[in-house]
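Have a look at the structure below before the remarks.
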Amino acid sequence: MDLFFNPFDNLLCVLLGISFTVWFTLLLVFIIVPAIFGVSFGIRRLYMKTLLKIFEWATLRIERGAKEKNHPLYKPYSNAIIAKEPTSLEEEIKEIRRSGSNKDLGSTPEFEMSDIFYFARRGVESIMDDEVTKRFSAEELESWNLLTRSNNNFQYISLRLTVLWGLGVLIRYGFLLPLRVTLAFTGVGLLVFLTSVVGLLPNGRMKSLLSEKVHLMCYRICVRALTAIITYHDSENKPKNGGICVANHTSPIDVVILASDGCYAMVGQIHGGLMGVIQRSMVKACPHVWFERSEVKDRHLVAKRLSDHVEDKSKLPILIFPEGTCINNTSVMMFKKGSFEIGATVYPVAIKYDPRFGDAFWNSSKFGMVNYLLRMMSSWAIVCSVWYLPPMSREEGEDAVQFANRVKAAIARQGGLVDLLWDGGLKRAKVKDTFKEEQQKLYSKMLVGTQEDRSRS
């Protein structure tokens, strides 16, 4: 019996050996070596153009099938549900009073029952068209990208479309996912090993140069693990040593996207597990700013550590995401003022993902990190544009909040994102009482005037 199976076993071993040899040769030649030298064969961009043509055909086929069967098609709202005019509280209440009574705010100011309608209407509008909560859910698509999770019209339309979808599942989970997992482990493994080796060298120019090459190579391998197709604009504005790079935040991979085009000093809390191993190896090769859990809430300590880092012009620029949480690629929310109090030159960066190929947004309240990475690696690709904006400095008489808002507005304008004043912390926290009190103060001021007005009268 053993003699009968031996030739089969030998043949199987030979075939497996050849398969692994071919697999790793392809990885080495087409992915790892180009990542080392920062070159591309254009395969990913050709892949992206092919996908676009397939998506267009699939969407047209769905629309035609729905028209033949008289099925309504779901279309996401590209803008707000309710059209709103940018008017003040006083102007709107004046309009309500004119339509309901003869009294106006020009006469003796006093409370009117009709004023309630303004607050009631604003409350209903906020419930119907909540501009904050919808920033924490996945961006809706105009067309189908052959991912079941991104289609509200998914149903049987035709045999060809169903076969195409099934083929897409096989390609994504049978070929792309194993390839990407292999590349991810390769990139992270090389990052840990090589930064640990570079960390053994004495501090100096050679160590800095090797550290930069190692980081760029490993991050570029990780970019290829996501089949990321990135277009960088205005590279002459790339962050320089002694500065702070601030960017809008959609996903944890924002770090990889930016670090594959330049080296940065990372800022964050010290973790355990695999993340802790990566952090400890990275800090051996170049100075990053890691904080203990007990230090994170000490604003003065954090500010001092950041200030000491940017004062040393030989150190890499700091990379910070001032929103403090991930937003769904449609808007930019309030920037925390901490990084704008230091007084260093700020280099704004706008990141905008193309959701047609895969949703980069991490909804951390719904998906864990492993689940999120699995969804990312089983998507078609990650396509994004990065804009390096001109450096900005704090102007005379400008406080940290005003400076942060000016930088945020520039990022939103360049990336085609909605500029919101709301705090991203509302993802998990309730609205602060100060927001409600602000509306109450505005209404009170409208009725009784300021202290200065009352003293004049």
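The values are calculated or read from the model by the stated rules, or taken from the named source; none is laboratory data. Model, not experiment: these values are computed from the prediction. Neighbour counts are summed over all protein chains in view; Cβ atoms, including those assigned to glycine, are modelled from backbone coordinates with ideal geometry. For accessibility, only protein heavy atoms count, side chains too; no ligands or nucleic acids. Shrake-Rupley method; radii C 1.70, N 1.55, O 1.52, S 1.80 Å.
Tabulated data
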{"quantity": "Inter-site label distance for Asn10 and Tyr118 at 7 Å from Cα along Cβ, in nm", "calculated": "9.2"}
{"quantity": "Length gained when the stretch Ser364-Phe185 is fully extended (0.36 nm per residue, less Cα-Cα span)", "calculated": "62.2 nm"}
{"quantity": "Neighbour cut-off at most 15 other Cβ (10 Å), DSSP loop, GluC sites (Glu not before Pro), the stretch 250-313", "calculated": "Glu292, Glu295"}
{"quantity": "Estimated distance in nm for a label pair at Tyr47 and Thr231, the labels positioned 7 Å out from Cα along Cα-to-Cβ", "calculated": "1.9"}
{"quantity": "Met275, Met333, reordered so the largest accessible area comes first (probe 1.4 Å)", "calculated": "Met275, Met333"}
{"quantity": "Percent antiparallel among DSSP beta bridges (both partners in the stretch 159-427, rounded to 5)", "calculated": "25"}
{"quantity": "Ile171 versus Phe24: modelled label distance in nm, points set 7 Å from Cα along the beta carbon direction", "calculated": "2.8"}
